[in-house]
Amino acid sequence: MEKRCGCWAVLTRTVSGVCKSSASKDSPNNIPRTSLVYDSATETRYLNASNRELSTSNEAELASDNANPSPSENKSTSKLLQFSFHELKAATGNFRPDSILGEGGFGFVFKGWIEENGTAPAKPGAGITVAVKSLKLDGLQGHREWVAEVVFLGQLHHPNLVKLIGYCNEDDQHLLVYEFMSRGSLENHLFRRTIPLPWSNRIKIALKAAKGLAFLHNAPVPVIYRDFKTSNILLDSEYNAKLSDFGFAKAGPQGDKTHVSTRVIGTYGYAAPEYVMTGHLTSKNDVYSFGVVLLEIVTGRRSMDKKRPSGEQNLVSWAWPYLGDKRKLYHIVDPRLEFKYSIKGVQKVSQLACSCLSRDPKLRPTMDEVVKTLTPLQHLNDLAILTSHCRLSSSQGGCKKKPEGLTYSQNFRASPLNIGKQHVR
């Protein structure tokens with residue numbers, strides 16, 4: 001039977017009551033893993049740190065942090081389904097390892113199936129495919145993140161936010177049930193797959209993600225996402241992007257307030273420097289993170305990568321000298337694209353990334369302005385590879401045919417972004 005929960009007393013129970021519960025032997029969190037939680041750091045350490053979460057481990061600080069909106073004050077979250085632990089255990093095949101979709105500091109995400117009109121489990125391949133996220137309640141922080149997800153996604157609905165279907169809050173088991181995103185995360189497509197993500201899809205994903213952030217920032221009570229990164233951008237079968245994981249989301253400043261003072265939390269490589277240094281949270285912190293993701297989309301490189309040479313480990317520091325020079329810009333474009341990208345698109349996206357990454361938060365654009373900039377880039381067809389072929393064959397009377405035996409080095413010299421520096425022979 002379908003169950004819709006309108007009683008939020010279960011969510012507002014005392015935190016201590018949750019934290020003291022012992023883990024059940026059936027808990028999906030019993031699979032061993034590590035949790036990456038570190039202290040906040042100076043800007044120097046931030047620029048050279050590995051890609052890991054920013055967080056304080058001091059629970060006294062967590063308790064004093066500005067609270068998120070109380071679930072009990074939110075009426076629209078009553079539309080969420082309330083699942084029993086037994087139902088979700090059956091829906092995921094007893095949380096079997098081969099159904100794991102992903103893992104993070106929060107716990108594991110499992111693939112499962114439920115009936116279309118309720119909470120009952122369904123056979124694999126039948127009913128509705130869902131993603132079941134198990135939360136490891138690591139003291140106050142874990143509980144707060146779980147409540148934040150339920151509160152924000154229970155009341156915020158947009159095509160570019162992942163849909164929260166329901167939750168389980170039974171004894172010491174705390175799980176969330178989301179719509180299933182068949183193509184996984186942007187992170188996987190950019191960094192872990194052998195087939196490169198086409199440029200057109202990259203622009204589409206950037207635009208959809210920008211619309212999601214713009215919606216949050218323009219909500220009646222502005223919401224700061226606080227953890228915008230490629231692993232939190234999920235894709236459906238048509239490469240429509242949706243923001244997921246609202247555990248770090250925070251109600252933004254209202255009235256005369258210019259910022260929210262809060263503990264520093266997020267992910268190294270994505271968090272804005274002024275936020276890391278001061279703990280002052282504004283929507284422009286999300287804009288900075290969006291700029292980092294734009295660079296990842298253009299370059300195919302991670303925001304922080306310790307496997308690269310010392311001067312290339314921090315993406316922003318490495319790419320910054322190239323962003324303002326059209327002739328140098330070509331050097332940082334993802335080589336796996338093999339010139340199958342829009343010249344104007346790369347230039348516009350790089351300029352936008354440069355604006356988003358401005359050291360002065362006031363100079364960064366709003367997400368509405370970001371959306372406006374990205375929208376016309378969807379249908380550009382000035383592919384670099386076509387321009388290169390035309391210039392290479394111009395001496396023979398045209399560019400009707402693609403030159404045979406064109407090498408990578410020839411392509412590089414013929415790049416339209418390098419015209420004026422080198423001549424094709």
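The values are calculated or read from the model by the stated rules, or taken from the named source; none is laboratory data. None of the values given here were measured: they were computed from a predicted structure. For neighbour counting, all protein chains shown are included, and Cβ atoms are generated from backbone atoms with ideal geometry for every residue, glycine included.
Points worth noting:
- Any pair with Cβ under 7 angstrom, 6 or more apart, that starts in the range 257-286 at a residue that is not assigned by TED's automatic domain parsing to the domain that holds Ser303 and at pLDDT below 90 and ends at one that is crowded, with 21+ Cβ neighbours inside 10 Å and of a type in the set (A, V, I, L, M, F, W, C): none
- Among (1) under 18 Å from Leu88 (Cα atoms); (2) surrounded by fewer than 23 Cβ atoms within 10 Å (Cβ to Cβ) - the single one Pro198 does not satisfy: (1)
- All positions within the range 304-316 that are of a type outside the set (D, E, K, R) and more than 20 Å from Lys328 (Cα to Cα): Met304, Ser310
- Number of residues in the range 330-367 that are surrounded by 15 or more Cβ atoms within 10 Å (Cβ to Cβ) and either more than 20 Å from Gly300 (Cα to Cα) or not assigned by TED's automatic domain parsing to the domain that holds Trp320 (or both): the value is 6.
- Filtered residues of the range 63-89 (kept if at pLDDT 90 or above and surrounded by fewer than 18 Cβ atoms within 10 Å (Cβ to Cβ)): Ser84, His86
- Test: residue in the range 268-276 that is touching a strand residue (DSSP E or B) at 6+ places or on another chain (Cβ under 7 Å), of a type outside the set (Gly, Ala, Ser), in a loop (DSSP other than H, G, I, E, B) and buried (at least 22 other Cβ atoms within 10 Å of the Cβ): yes
- Residue count for the range 345-367 satisfying the condition of being among the charged types (D, E, K, R), within 22 Å of Glu274 (Cα to Cα) and assigned to a helix (DSSP H, G or I): 1.
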